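First up is the structure itself, then whatever we jot down about it.
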Amino acid sequence: MIPYGRQQVDAADIAAVEKVLKSDWLTTGPVITEFEMALADYVGAKYAITFSSATAALHAACVVAGLGPGDLVHTSPLTFIASANCARYVGATPALIDIDPSTFNIDTDQITENIQAVIPVHYAGLPVELGAIPARPRVIIEDASHALGARSTTERVGATTHSDMCVFSFHPVKPITTGEGGAVTTNNADYAQALKEFRSHGIKANTDPLSWEYNATTLGYNYRLTDIQAALGLSQLRKLDRFIAERNAIAERYREKLSELPLELPPAAPAGALHGYHLFAIRVPQRREVFAELRKRGIGVQVHYVPVHHHGVSADIEIPLGGYPHADSVYNGLISIPTFPGLTESEQDIVIATLTDVLELHG
Ligand SMILES: *Cc1c(COP(=O)(O)O)cnc(C)c1O
C-alpha cells in the first residue's frame, strides 16, 4: 500500500534521539528549549511553546485567550474535528462558517462582527490570507497543523503578525514529526508564560535552587513534550525546507500528469505564497466507488475530512438552513492521494496510472 502520507526519519534523526536517551534528561530538559528556540526562529515569532499534541496546544490556546462559556468560535467545516473541539473543551461553542471553494479555506468575508474568536485552518497547507481579513476579531488562533513551512503572501505561517497564536502538529503525517506533538507560536509574552504554565499543572516555576516551594496558581494539565521527542523535532526541522520543496515538486508533477483526467485539481497558492502541500486533495466523480477501488489496488487514499457538522459531537452547533453548501459540495468528491517527502517518481507513476485506470471505469 502506498499511503497518503508518511514520515521520513533518517539516521541523523535516530542519532539525535539516541543522544537524548543516553543523557540525564528524558523530558523537560535542554532539548525542549533548543527546539522551541529553533522553531520560533524558523517561523519568525518571539516564542514557541511545545505541547504533547496539537490538540493539547489548541486547548491551551483557547484557555489562555480567555475563551469560555457563551463565547462563539468560528472555524471551518472542512477540518479535523480537533479544530472545533478545542472550543468545546473550554465551554465555548463552535460557530462554523463556510469555505471559499477557490481555496477550501474559510471565507473570511463571512466572519461575523463581534465574534469572540476565529480559528482559521490552513487547509492542506495553503495559508489563509489573514492580512486580508476585513474586521479583526478579538482572538485569532491559527490551526496550522498542515502548514509548517508554508508562507502566505505576507508572512511565514507561524509569525503571527495577523493573529494571536498559531498552532502546529507534529503527528507523523504532518510537515515534520515528533511522533505525537504540537506547539504554539506567539509574539505575546503573557500568552507565552500562561501557555508554559498551563502545559505543566499551572505551576509557577521556582528558580531558587535552595527552595522547594512551588505554587499551582491556575488549573493546568500535563501536556508536555519530552526531550526525546524534541530531539526528533529539532533534527526534522533542519530538513523542513527540503520536505516542502519535495511536496511542491510532487504536487507540480500531479498537476501536469492529471490535467487530462476527469477530476478537479486542488486550489494552488497565489503568486508570492508558498503552499505546504500537506495534502493533495483532488475531487472525483463517484467518489465512493473510486475510493474503494483505489484502496483495493494498493493506493492508500484518505478523505480529509468528514465535515465537522456531520459528526455526532456537533449536535451543539446551529447549522444554517441549507448547511454549508461549499464545504458539502467540496467534500462530496474529495480524495487525498499520496503526497509525502520520500514518495518516489515510480511510486507516483503507479498512483497516476491506477487513478487513470479507475477513473476510466467510474469516470
Ligand atoms: C492533525 C490535526 C490536528 C490535531 O493534531 P494532533 O497533533 O494529532 O493533536 C488538529 N487540526 C488539524 C487541522 C489537523 O490536521
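Across the chain, C-alpha contacts under 8 Å between residues 6 or more apart give a mean separation that, scaled by the residue count, equals a relative contact order of 23 percent. Between Thr93 and Gln193, residue separation times 0.36 nm minus the direct Cα-Cα distance comes to 33.4 nm.
Here the extension length gained between Thr356 and Tyr221 equals 43.7 nm, from 0.36 nm per residue of separation less the Cα-Cα distance.
The HN-Hα couplings worked out from phi for segment 37-44 by the Karplus form 6.51 cos²θ - 1.76 cosθ + 1.60 (θ = phi - 60°) are 5, 5, 5, 4, 4, 4, 7, x Hz, whole numbers, x standing for Gly and Pro.
Restricting segment 244-339 to GluC sites (Glu not before Pro) that sit in a DSSP loop and have at most 15 other Cβ atoms within 10 Å of their own Cβ leaves Glu260, Glu318. Among Trp25, Trp212, a tally of other beta-carbon atoms within 10 Å of each Cβ gives an order, fewest to most, of Trp212, Trp25. A simple spin-label model places the labels of Ala12 and Arg238 0.4 nm from each other, with each point 7 Å out along Cα-to-Cβ. Take the residue pairs Lys196/Lys239; Lys46/Lys204; Lys22/Lys46 and return only those whose Cα atoms are more than 23 Å apart. From the list (Lys196/Lys239; Lys46/Lys204; Lys22/Lys46), the Cα-Cα distance tops 23 Å for Lys196/Lys239; Lys22/Lys46. In segment 58-129, Cα pairs under 8 Å separated by at least six residues give a relative contact order of 35 percent. For segment 95-102, the Karplus equation 6.51 cos²θ - 1.76 cosθ + 1.60, evaluated at θ = phi - 60°, returns couplings of 10, 6, 10, 5, 8, 8, x, 8 Hz by residue, with Gly and Pro reported as x.
Derived scalar couplings between HN and Hα for segment 196-201 equal 4, 6, 4, 6, 9, 6 Hz in order, rounded to whole Hz, by the Karplus curve 6.51 cos²θ - 1.76 cosθ + 1.60 (θ = phi - 60°), x for Gly and Pro. Given the options Val63, His122, Ala205, identify the residue whose Cα lies farthest towards the positive end of the charge dipole of the chain (+1 on Cβ of Lys, Arg; -1 on Cβ of Asp, Glu). Ranked along the dipole, the leading option is Ala205. Packing, as the average of other Cβ atoms within 10 Å across residues, places the peptides 200-211, 81-92, 218-229 in the order 81-92, 218-229, 200-211, highest first.
Applying 1/(1 + (r/R0)^6) with R0 = 41 Å to the Cβ-Cβ distance of Val313 and Leu210, what FRET efficiency is obtained, to the nearest 0.05? Once rounded, the FRET efficiency stands at 0.25. Annotation: amide H of Gln302 within the under-5 Å range of Ser336, sequence separation 5 or more or interchain, hydrogens built in the peptide plane. Mind giving me the FRET efficiency for Trp25 and Met1? R0 is 35 Å, r the Cβ-Cβ distance, nearest 0.05 is fine. Efficiency for this residue pair is about 0.40.
Of interest is the spacing of the C-alpha centroids, which for segment 329-353 and segment 51-74 amounts to 33 Å. Put in order of Cβ neighbour count within 10 Å, fewest first, the listed residues Phe80, Phe168 become Phe80, Phe168.
All of the numbers you see were taken from the coordinates with simple rules; none came from a lab. These figures come from a predicted structure and were not determined experimentally. Backbone-built Cβ (ideal geometry, glycine too); neighbour counts: all protein chains shown.
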